[in-house]
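Rule-based calculations on the coordinates, nothing more; no lab input. Since the model is a prediction, treat every value here as computed from it, not as a measurement. As a convention, Cβ positions derive from the backbone with ideal geometry for all residues, glycine included, and neighbour counts pool all protein chains shown.
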Amino acid sequence: MSDPTIDLRSDTLTSPTPAMRRAMADAEVGDDVFGEDPTVRSLEERCAELFGMEAALFVASGTQGNLCALLTHCRPRQEVIADRGCHVVTWEVGGWASLAGVTMAAVDAPRGVLTPALLRAAAKPANVHLVTPHLVWVENTHNTAGGTCTSPLQMDALVDAARALGLRVHVDGARIFNAAAALDVEVARLTAGADSVQFCLSKGLGAPVGSLLLGGADFIHEARRVRKMVGGGMRQVGVLAAAGHAALDEIPPLLRHDHDNARLLAELLSDVPGLGVDLGLVETNIVFFDLAPRLGPPTAFAARLEERGVRVVGFDDANRCRAVTYHQVTTDDMRRAAEVVAAAAADGLS
Ligand SMILES: Cc1ncc(COP(=O)(O)O)c(C=O)c1O
């Protein structure tokens, strides 16, 4: 029998653990649109406490959490300041423009980490010709920058700069638990001073569905109406929130291992002729590698890897492939994946 495929396309490929499935089967439920699902309520309370925020809202996905944040914070003709590579800028179907009616001041932040200087340069002055800057968008960890982290001190400086400019701050913390594990701090320390946070249960934390939006009580009260407007009011959704509880119990201590695996993979790939890996960017569970022109476009290279039992995502526009680790891939998988990539690269080079 051939080895099973090693699927490194994303940390969304986790499947629910036995503990999650048990929790789902046993979940106490009610109608959450009536505010009567005890499992959702306890998950929201737990997460608000974990992040030191007043309130939380269980939403279907990271995209829905970010969209609810945009629609709650902003009005049309206001502007969001974000790194150009942020997920919301490109990978959320342009909801910021088509649904929230805001503009995006997209800046080039080294390593995906915004700085006060970048913020000050991007914040437009009051002028009849201009949109009004309103919200600063921090993505931590930053996916397309390579899983890089914004540290507590960098965050403190950003929050201070945003306050001085009269701006609010949202953290897209889809992988904030990875940042916390890498920096050895509590998640609340990474979001201190932010007005809102979205984090995903369904990435490295391994739950099948769900994100939390967190913020002040008034903000979450309004975001709950917004969630209903965008079709996110769910009924006996405690069956999903229960998996979120189990994920929070089980997975955070395992994330460091995912980071060790990513580092191992990155180091092995950095020795492969024809591949380029910036090891300095590998802080968490994401590894990007670029390709010598002889290896062909990344999507075609990824297709060749798939034939050999390893799946990654190829991005032709950026000439690179992405591999992501999670708790259900092993250190042996890293070694085997690196061998497969090396063999495919050697074939491509011949
Ligand atoms: C940084 C970041 N934010 C938001 C999202 C959106 O999450 P979802 O796929 O749950 O909508 C993703 C998805 O990969 C992401 O990487």
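A few comments on the model shown:
- Every condition in (1) under 20 Å from the mean Cα position of the chain (by Cα); (2) away from the ligand (no atom under 16 Å from the Cβ); (3) among the aliphatic types (A, V, I, L, M) is met by residue 67 except one, and the failing one is (2).
- Of all residues in segment 7-25, exactly one satisfies the criterion of being in contact with a helix residue (DSSP H, G or I) (Cβ under 7 Å, 6 or more places away or on another chain) and either among the hydroxyl-bearing types (Ser, Thr, Tyr) or loosely packed, with under 14 Cβ neighbours inside 10 Å (or both), namely 17.
- Scanning segment 120-140 for residues that are out of contact with any strand residue (DSSP E or B) (no Cβ under 6 Å at 6 or more places or on another chain) and touching a residue at least 12 places away in the same chain (Cβ under 8 Å) yields 120, 121.
- Only one of the numbered conditions (1) of a type in the set (D, E, K, R); (2) touching a Gly at 6+ places or on another chain (Cβ under 9 Å); (3) outside any strand (DSSP E or B) is violated by residue 333, and that is (2).
- Residues within segment 315-337 that are of a type outside the set (Lys, Arg) and buried (at least 22 other Cβ atoms within 10 Å of the Cβ), tallied: 8
- Any helices (runs of 4 or more DSSP H) falling wholly within segment 176-295 and containing at least 2 residues that are away from the ligand (no atom under 15 Å from the Cβ) and among the charged types (D, E, K, R): 217-229, 238-250, 255-270
- Total residues in segment 89-108 satisfying the condition of being within 19 Å of the chain's Cα centre (by Cα) and either loosely packed, with under 15 Cβ neighbours inside 10 Å or within 14 Å of the ligand (Cβ to nearest atom) (or both): the figure is 9.
- Filtered residue count, segment 136-154, keeping only those that are among the aliphatic types (A, V, I, L, M) and surrounded by fewer than 24 Cβ atoms within 10 Å (Cβ to Cβ): 2
- Meets criteria (within 16 Å of the ligand (Cβ to nearest atom) and in contact with a His (Cβ under 6 Å, 6 or more places away or on another chain)) for residue 112: yes
- Test: residue in segment 146-158 that is away from the ligand (no atom under 12 Å from the Cβ), of a type in the set (D, E, K, R) and outside any loop (DSSP other than H, G, I, E, B): yes
- Evaluation of residue 266 against the conditions (1) touching a Ser or Thr at 6+ places or on another chain (Cβ under 6 Å); (2) free of Cβ contacts under 8 Å to residues at least 24 places away in the same chain; (3) aliphatic (A, V, I, L, M) shows that the sole unmet condition is (1).
- Taken over segment 26-51, residues that are surrounded by fewer than 16 Cβ atoms within 10 Å (Cβ to Cβ) and free of Cβ contacts under 8 Å to residues at least 40 places away in the same chain amount to 5.
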